[in-house]
Amino acid sequence: VLPCVFAQHPVSKRREWRWMVFPTPRPLYLRGALRPDLPALVVEGEKCTDAAHALLGADMDVLSWCGGGKAYDKSDWTPLAGRTVILWPDTDAKRYKDNHKTKAGEIMPEHEQPGMVAMTKLAKLLRELGCTAYIIDIPAPGEVKDGWDIADLVAGGAGVDEVMSWVTKLRVEET
């Protein structure tokens, strides 16, 4: 989401409505207020946050960061300090480009997929804030369509029980 904000240009001092990114640290994207007594589910993007919140919002805080996968570290994660956090990366199936001569066209391994890269780094950042952070055991790259996520699961007709079965399928991560 690229927000539309009323801003003042730093040089011209002209004030107007502008499409612009939030300054860092950026706010987290969520519906309602954070409830520290509940676990938090972090997903990739606003679409996933909205879909997950509609089904799981009574039982957990559902949120994301602003600015896309590579901007996870530009947000202020301190409101989650000390909490249990579950991370749901997109199931990406990106392929190596032609510049990888021996691997060109092959699906990259999961640890190189953008969604997993972002969530693994975010898990480390959250653990540094005293969080207990888990990553959901998503399908392997290529088992589902590229970019498959919780919003796709919900759009496919999954109800609360099916979505929760994914949310509770957690990986054991080395710290």
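The values are calculated or read from the model by the stated rules, or taken from the named source; none is laboratory data. The shown structure was predicted, so the numbers you read here are calculated from the model rather than taken from an experiment. Methodologically, a virtual Cβ is constructed for each residue, glycine included, from the backbone with ideal geometry; neighbour enumeration extends over all protein chains shown. Only protein heavy atoms, including side chains, enter the accessible area calculation; ligands, DNA and RNA are left aside. Shrake-Rupley method; radii C 1.70, N 1.55, O 1.52, S 1.80 Å.
Exactly which chymotrypsin sites (Phe, Trp or Tyr not before Pro) in the range 25-98 are in a DSSP loop and have at most 16 other Cβ atoms within 10 Å?
Details: sites: Y29, W65, Y72, W77, Y96; in loops: W65, W77, Y96.
Listed in order of number, the matching sites are Y96.
Once amide H atoms are placed 1.01 Å from N in the peptide plane, what residues at a sequence separation of 5 or more from A133, or on another chain, have their amide H within under 5 Å of its amide H?
Close amide H contacts, sequence-distant or interchain: V85.
With a point put 7 Å past each Cα toward its Cβ, work out how far K169 is from D73 in nm, to one decimal.
3.1 nm
Rolling a 1.4 angstrom probe over the protein heavy atoms, how many square angstrom per residue are accessible across the chain?
Values: 9820 Å² over 175 residues.
Roughly 56 Å² per residue, with all protein chains present.
To the nearest 0.05, what FRET efficiency results for L129 and R31 with a Förster distance of 22 Å applied to their C-beta separation?
Numbers: r = 22 Å, r/R0 = 1.00.
FRET efficiency, L129 to R31: 0.50.
At 1.4 Å probe size, with no ligands or nucleic acids counted, give the accessible surface of D37 in Å², nearest ten.
Approximately 130 Å² for this residue.
With a 1.4 Å probe and all protein chains in place, put L55, L41 in order of accessible area, largest first.
Values: L55 50, L41 0 Å².
Final ranking, largest accessible area leading: L55, L41.
Carbon and sulfur: what percent of the range 20-175's accessible surface (1.4 Å probe)? Before the final figure, lay out each step's value.
Numbers: 4300 of 7990 Å².
Carbon and sulfur together cover 54 percent of it.
If I build a Gaussian network model for the chain, linking alpha-carbon pairs within less than 10 angstrom, which residue out of I136, I86, I107 has the largest mean-square fluctuation?
Comparing I136, I86, I107 in the GNM, the peak value goes to I107.
List the trypsin sites (Lys or Arg not before Pro) within the range 68-123 that DSSP assigns to loop and that have no more than 10 neighbouring Cβ atoms inside 10 Å. Walk me through the numbers on the way to the answer.
Details: sites: K70, K74, R83, K94, R95, K97, K101, K103, K121; in loops: R83, K94, K97, K101, K103.
Counting only loop positions with at most 10 other Cβ atoms within 10 Å, the trypsin sites (Lys or Arg not before Pro) in the range 68-123 are K97, K101.
Within the range 73-93, what residues put their amide N at less than 13 Å from the label point 7 Å along the Cα-to-Cβ vector of F22?
Hits in the range 73-93 for F22 at 13 Å: 73-80.
Do you know the relative contact order of the chain, to the nearest whole percent, from alpha carbon pairs under 8 angstrom that are 6+ apart?
Result for the chain is 21 percent.
On a 20 Å Cα-Cα criterion, which of the cross-link pairs K94/K169; K94/K121; K70/K121; K47/K97; K47/K124; K74/K124 come out too long?
Details: K94/K169 23 Å; K94/K121 18 Å; K70/K121 10 Å; K47/K97 28 Å; K47/K124 24 Å; K74/K124 14 Å.
The answer is K94/K169; K47/K97; K47/K124.
Determine how large the accessible area of R31 is when every protein chain is in place; take a 1.4 Å probe and give Å² rounded to the nearest 10.
120 Å²
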